[in-house]
Amino acid sequence: MTPGLGYRALRSLLMAGLLALGGCAGGQPERGPVTLVFKYARILGNADPLPELLRAFEAAHPGVRVKGEALPWTSDDQHQFYVINLEGRSPGFDVMMLDCIWVPEFARAGWLLDLTTHLRPDELAPFFASTVAAATYGGRVWALPWNFNVGLLYYRADLLAKYGLRPPETYEELVEQVRRIRAGERDPALDGYLWQGKQYEGLVVNVLEAFWANGARLLAEDGAVFPEPARAADALRFLRGLIETGVSPAWTTAADEELSRRAFGDGHAIFLRNWPYAMDLFEAKDSAVRGKVAFAPLPGRARGARGVGSTGGAHLGVSLGSRHPELAVALARHLTSEPAQRAIARGAALSPTRQALYRDPALVRDHPAMPRLEALALAGRPRPVTPYYLLLSATVQPEFSAALVGVKPPERAIADARARLDYFLGAVR
Amino acid sequence: MTRRQAGDRRRALLCVAPTVLALGALTIYPGVWVLWLSLQHRIPIFSVSRFAGLENYAFLAVDSRFWSAAHTTAVFTLGSVALEVTLGVTAALAIHTVRRGRRLALSLLLLAWAMPAVVAAKLFEWLYHPAAGLINVALGRYSINWLGDPAAALPAVILADVWRTMPFVAILCYARLLAIPADVYEAAQVDGAGRLATLTRITLPLLGRILLLAALFRTLDALRAFDIMFVLTGGGPAGTTETLTVYAYRALFQTLQLGFGSALSVVVFLLVMAVAWAYLKILRTGAVAA
């Protein structure tokens, strides 16, 4: 090899490298197909409707490819995945599925595209107001509501009818009904009221619902924590009482959604607090309680407020680092559109965020309970909408759990949680 | 120093340089950085970054959740290591004594050890299931609220950990037993030593050093235990199974309090170092015969 040839080879190699670098930095106009990356948790159900929805978007936008990428399985892992990738400023995805409790946090962190200016003025009107509230932070909208959850009281309609009872409007009534039905049934394996008392996010949801029924809050508008400490302690004492008196089984303190859903689904309980997804499973062909289950609003307290279910669900946000924000917004809009939500509601056990769909004839035929769900969804209340929600939740979880298992008096659990939150929130505010 | 010695010395320095650099980059630099972080209020996603001095440590000193986690870590470590060593030795002696089924027993032991902690935790989640779990079905009407009772949860977690890691101790011990020459036992027999005397005077003392090593490894692992309780209980109920590492994880990765979480990590680090140092001191003084 002559020196000249070597030099030329080296130069062309260098040039190629420079060209490649230029391409990476996006210095040249985009050529070839655009790829959008959509991060989402796989949807369980008879059929995952998403691949088809993504193909439909591609068909409507020639030259655009959409890659659906699965998120880790648990909510904790998903959050950690987002934080690491978004804080690193190279997200590698355009549209992301967000648990509604993360939206204010991610907005505050500057990771989300402000959708306010991208939306038509009336575009959010068809969505439930509580889902829009959960996507709003600092007066701006940061995500589009995608699917919806609200806490419900499931009950064994057959058992209540047998004893001539109507679904309870207060917890006091519920306790009385459990006593009557268990006294009549004489079945030691029949539990009264199942809910979620394991130390995790679900516990916070259950305790918040008990707070609200008792006129207590976790966070006031002015940012004060536990603005009604005595009422909050009383609500915790009531929940502890459910376990102590055997209305709820001892293992409630280890129960999550699935553990309690299975026990109720096997016919071992009269009442259950859970999300709407459970209804489809109770009505499945091999279900032991098929045709015997109905749902009602969560009970209130005899001398308190009416019962309100906590809302939950997922939103779609657009990463601020997306290189195709307009297309990404279009994708989020497409996936939250009425046809897409109808397809998701039919194919999977997820409830829509658009109110009109709850009266949609095609959906109601498959899910006869949907019109009833609409009223409960309207009354639902979001968990505190704050960027510090995870800090709040992670701090109160062990304290609520301590009050439930009886190792701490409720007043002290609340005082301890408050002291810790004062220190942590003092650092961020 | 002769020229040759100086040359040797240079070459030696050159040879260890990569190691020193790698250690410096991977251990010392992050270590110092964590120490520095622990002296700050730092939550990057909310652009919080200001010097806090020893505030995080002062808060830890009065933080009931921290002391509860420290207590849980201590009980978990002592409980699981003691059980693992006792059961491990017993298993090794049993395998060493029996002739038939030795290979099967070893494979089964290895199977448990080879299982990832998260898988083992999921397995035990089903075993501990309040209604359908194998254990409660066997106990019948005396069934226990394994993961929901503050008195039962930590023992349940320890049990799961012991099941998974006891084989490690057993296999180390078994290897040592194989290395004890047969003539030692023959001599003991000639001297008229009974079975018990052979065990307490010969076998156990000969196992001493390897046991100490196994206990060192297991203790350091147990002090940093995370996955088994994270999956089984998430730290509950009432935080009774929350170890220092789980607490640090929640602060660092869930609530993203890098300053406070780093302070927690520094405490865990000091704890692990102190325990490791104590073990190494025992090993070095040769308090246990090899």
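Nothing in this text is a laboratory measurement; each read-out follows from the coordinates by a stated rule. Not measured: the values here are computed from a predicted model. Here Cβ is always computed from backbone atoms with ideal geometry, including for glycine, and neighbour counts include all displayed protein chains.
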Rounded, prolate or oblate: which fits segment A:242-315 when a ≥ b ≥ c are the square roots of the eigenvalues of the alpha-carbon gyration tensor, with rounded for a/c under 1.5 and prolate only if a/b beats b/c? oblate
Where in segment B:213-248 are there chymotrypsin sites (Phe, Trp or Tyr not before Pro) that are in a DSSP coil and have at most 16 other Cβ atoms within 10 angstrom of their Cβ? B:F226
Provide the per-residue ³J(HN,Hα) series for segment A:357-374, in order, calculated from phi with Karplus coefficients 6.51, -1.76, 1.60 and θ = phi - 60°, each as a whole number of Hz, with x at glycine and proline positions. 5, 6, 10, 6, x, 5, 6, 5, 4, 6, 10, x, 7, 4, x, 5, 5, 4
With no solvent term and unit scatterers on the alpha-carbon positions of chain B, Debye gives log₁₀ I(q)/I(0) at q = 0.13, 0.16 Å⁻¹ of -1.06, -1.26
Would you mind giving the mean number of other chain beta-carbons within 10 Å of the Cβ of each residue in A:403-412, as a whole number? 3
Test of understanding: what is the full-extension gain from B:I282 to B:V62, defined as 0.36 nm times their sequence separation minus their Cα-Cα distance? 75.9 nm
Roughly how many nanometres apart are two label points built 7 Å out from the Cα toward the Cβ at A:E87 and A:L190? 5.2
Could you order the peptides B:58-68, B:97-107, B:136-146 from most to least packed, using the average number of other C-beta atoms within 10 Å per residue? B:58-68, B:136-146, B:97-107
Mind checking the angle between helix A:201-213 and chain A's longest principal axis? C-alpha axes, 0 to 90 degrees, to the nearest 10. 50
In terms of the alpha carbon gyration tensor, root eigenvalues a ≥ b ≥ c, rounded if a/c is under 1.5 and otherwise prolate when a/b exceeds b/c or oblate, segment A:34-141 is rounded
With the dipole of segment B:77-241 defined by +1 on each Lys or Arg Cβ and -1 on each Asp or Glu Cβ, the option from B:P150, B:L87, B:V98 whose Cα lies farthest towards the positive pole is B:V98
Scan around A:V150 for amide H atoms under 5 Å from its own, H built in the peptide plane at 1.01 Å from N, and keep only partners 5 or more places away or cross-chain. A:G312
Packing rank of A:79-89, A:248-258, where each peptide gets the mean count of other beta carbons within 10 Å, highest leading: A:248-258, A:79-89
What does the charge count near A:T386 come to, summing +1 for each Lys or Arg and -1 for each Asp or Glu among other residues with Cβ under 10 Å from its Cβ? +1
Which residue, chosen from A:T311, A:A349, A:A332, occupies the Cα position most advanced towards the positive end of the dipole of segment A:296-396, where the dipole is computed from +1 (Lys, Arg) and -1 (Asp, Glu) charges on Cβ about the Cα centre? A:T311
Please list 3J(HN,Hα) in residue order for segment A:65-73, calculated via the Karplus relation 6.51 cos²θ - 1.76 cosθ + 1.60 where θ = phi - 60°; whole Hz, with x for glycine and proline. 10, 10, 10, x, 10, 6, 8, x, 6
I'd like the FRET efficiency for B:A193 and B:M273, computed as 1/(1 + (r/R0)^6) with the beta carbon distance as r and R0 of 41 Å, rounded to 0.05. 0.45
Using amide H atoms built 1.01 Å from N in the peptide plane, name the residues 5+ places from B:F226, or on other chains, whose amide H lies under 5 Å from its own. none
Could you work out the relative contact order of chain B? I mean the mean sequence separation of Cα pairs under 8 Å and 6+ apart, divided by the number of residues, in percent. 29
Set the Förster radius R0 to 22 Å, insert the Cβ-Cβ distance between B:V184 and B:L111 as r into 1/(1 + (r/R0)^6), and round the FRET efficiency to 0.05. 0.10
Computed magnitude of the charge dipole of segment B:77-241 (debye, nearest 20; Cβ of K, R +1, Cβ of D, E -1): 360
Net charge (Lys, Arg +1; Asp, Glu -1) of residues whose beta-carbon lies under 13 Å from that of A:C100, A:C100 excluded, is -1
Checking the cross-link filter: which aspartates and glutamates have an alpha carbon closer than 18 Å to that of B:K122, excluding same-chain neighbours under 8 positions apart? A:D76, A:D77, A:D256, A:E257, A:E258, B:D161, B:D227, B:E242
Lysine pairs in chain A with Cα distance under 28 Å, only those 8 or more apart or on different chains: how many are there? 5
Once you keep just the Cα pairs under 8 angstrom separated by 6 or more residues, what percentage relative contact order results for segment B:1-136? 7
Cα gyration tensor category, rounded, prolate or oblate, for segment B:77-241 with a/c compared to 1.5: prolate
When Cβ neighbours within 10 Å are restricted to other protein chains, what is their mean count per residue of peptide A:251-259? 6
Convert each backbone phi in segment A:252-268 into a coupling constant with the Karplus relation 6.51 cos²θ - 1.76 cosθ + 1.60 (shift: θ = phi - 60°), then list the ³J(HN,Hα) values in order as whole Hz, x for Gly and Pro. 3, 5, 10, 8, 10, 4, 5, 4, 6, 5, 5, 4, 5, x, 7, x, 9
Nonlocal amide H pairs with A:I43, under 5 Å, H built at 1.01 Å: none
Find out how many positive minus negative residues lie around A:R346, taking Lys and Arg as positive, Asp and Glu as negative, among other residues whose Cβ is under 13 Å from that of A:R346. -4
Fully extended, how many nm does the chain gain between A:R120 and A:E52 (0.36 nm per residue separation, minus their Cα-Cα distance)? 21.8 nm
How shielded is B:228-238 by partner chains, expressed as the average number of their Cβ atoms within 10 Å of its Cβ atoms? 6
Under the rule of -39500 (n - 2.57) per DSSP H run of 4 or more residues, summed and divided by the residues of the protein assembly as shown, what mean residue ellipticity at 222 nm is obtained, to the nearest 500 deg cm²/dmol? -17500 deg cm²/dmol
Using the crude model of +1 on Lys and Arg Cβ and -1 on Asp and Glu Cβ, and no other charge, please compute the dipole size for the protein assembly as shown relative to its Cα centre, in debye to 20. 1720
